[in-house]
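Working notes, beginning with the structure itself.
The values are calculated or read from the model by the stated rules, or taken from the named source; none is laboratory data. The structure displayed is predicted, hence computed values, not measured ones. Note: ideal-geometry Cβ built from the backbone for every residue, glycine included; neighbour counts use all protein chains shown. The area values use the complete protein model at the heavy-atom level, side chains included, leaving out ligands, DNA and RNA. Shrake-Rupley method; radii C 1.70, N 1.55, O 1.52, S 1.80 Å.
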Amino acid sequence: MNILVIKSSVFGDNGNSSALVNTKVEQLKAANPGATVVVRDLSAQPIPHLDGERVGAFFTPAEERTAEQQQVDDFSLTLIEELKAADHVVLGLPMYNFGIPSQLKSWIDHVARAGITFRYTENGPQGLLEDKPVTVLAARGGLYAGTDNDTVTPYIKLFFGFVGITSVELVYAEGLNMGDEAKENAMKEAKSVIAG
């Protein structure tokens, strides 16, 4: 088994979502002793935000690219290959100001590429990646799951579905900023869901 781990907390391994990610990865490794783990920590190694130059590199034909543009394309393709090669994706997903971390948005912007991970057809968009299990460990300071204020759950499902990955499971740890007891209970409950 090849496990792709994506951490997007600005606090790195000290983030609540990262703690849940580590719990899930240990569970997967215990069940699959020969598993390989690829870690993409978006806080430790930030992915550049899209700008005109990066988008221009994507749309420039390979034979016309400058060396700098080719580097941009190669980096994007590396991220896509990591996702393609994974048998299971474990994503740590904090909610910041009602949305996903900008670091994760940058990863998505380099992975969602027309003609590579999705294509437009007469019947609408079609994902080009094989389906695989994605476990999303969602950490929130307040209580959002199941409410109109949870913009993160539909967004992350939409993105993965758009590229062909529909087996997305979310595990929530909520109310983490509502007192020590609430945080402790929420983390314990989330870890129990992970344990199955």
Checklist outcome for this item: Turns out the helices (runs of 4 or more DSSP H) fully within the stretch 47-114 with at least 1 residues that are closer than 23 Å to GLY141 by Cα and in contact with a helix residue (DSSP H, G or I) (Cβ under 9 Å, 6 or more places away or on another chain) are 102-111
Checklist entry - Which condition does ALA114 not pass, out of (1) among the hydrophobic types (A, V, I, L, M, F, W, C); (2) out of contact with any strand residue (DSSP E or B) (no Cβ under 8 Å at 6 or more places or on another chain); (3) surrounded by fewer than 15 Cβ atoms within 10 Å (Cβ to Cβ), if it passes all the others? => result (2)
Checklist entry - Which one is farthest from ARG119 (Cα to Cα), of the residues in the stretch 142-196 that are of a type in the set (Val, Ile, Thr), open to solvent by less than 40 Å² (accessible area, probe 1.4 Å) and assigned to a loop (DSSP other than H, G, I, E, B)? => result ILE165
Checklist outcome for this item: Checked pairs for the stretch 139-166, first among the basic types (Lys, Arg), second not in a helix (DSSP H, G or I), C-beta under 6 Å and 6 or more apart or across chains, list as ARG140/MET95; ARG140/GLU174; LYS157/VAL168
Item to check | Hits in the stretch 75-93 (condition: open to solvent by 10 Å² or more (accessible area, probe 1.4 Å) and in contact (Cβ under 8 Å) with a residue 40 or more places away in the chain) | outcome: GLU82, LYS84, ALA85, ASP87, HIS88
Next on the checklist: Given the condition over 17 Å from ILE100 (Cα atoms), surrounded by fewer than 16 Cβ atoms within 10 Å (Cβ to Cβ) and free of Cβ contacts under 8 Å to residues at least 12 places away in the same chain, answer yes or no: does some residue in the stretch 124-136 qualify?
Outcome noted: yes
Next on the checklist: For the stretch 9-45, give me the residue count where each residue is closer than 17 Å to ARG140 by Cα, without any contact (Cβ under 8 Å) to a residue 24 or more places away in the chain and part of a loop (DSSP other than H, G, I, E, B).
Outcome noted: 0
